[in-house]
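K.L.:
Please see the structure below; I have some questions.
Taken together, the values in this text are just the output of simple stated rules run on the coordinates, not laboratory data. These numbers were taken from a predicted model, which means no experiment stands behind them. Because the Cβ atoms are built from the backbone with ideal geometry, glycine has one as well, and the counts that use them run over all protein chains shown.
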């Protein structure tokens, strides 16, 4: 009696790949909100008066690695320069008197802060201010 020879199956079994993909999806869904809780900035200190603004300002932060973050209405999100120009441009067109502030970490390259300011100028922000921490009591003037 002769055994029949089976032909090789030329299909890929994708079930294990789907299982791995679903596990990774769950991991990223759980960890993504935890990644953007805040940006730690070591702002330079200066003896300047705080601004009294009726509206919540638009804040562009540059952390020590040179990454950009945009805060509008209390929500902080990482952003690139093109997205920064587009979002701030749309926001400034709707609210022309909104203050726009840039906060750069003390240890970041000045060129990164300058890039943020150029992007804000291209977005149509009429005035851009720089953020600083107040000097400790007894220092300065």
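K.L.:
Sort 24, 120 so the one with the fewest other Cβ atoms within 10 Å of its own Cβ comes first.
P.N.:
Taking fewest neighbouring Cβ atoms as first place, the list is 24, 120.
K.L.:
How would you rank 55, 77, 11, going from fewest to most other Cβ atoms within 10 Å of each one's own Cβ?
P.N.:
With the fewest neighbours first, 55, 77, 11 line up as 11, 55, 77.
K.L.:
Label the stretch 45-134 by shape, choosing from rounded, prolate and oblate, from the square roots a ≥ b ≥ c of the eigenvalues of the Cα gyration tensor; if a/c is under 1.5 it is rounded, and otherwise prolate applies when a/b is larger than b/c, oblate when it is not.
P.N.:
Oblate, since a/c reaches 1.5 and b/c is not below a/b.
K.L.:
What order do you get for 61, 10 when you list them from fewest to most C-beta neighbours inside 10 Å?
P.N.:
If I rank by nearby Cβ atoms, fewest first, I get 10, 61.
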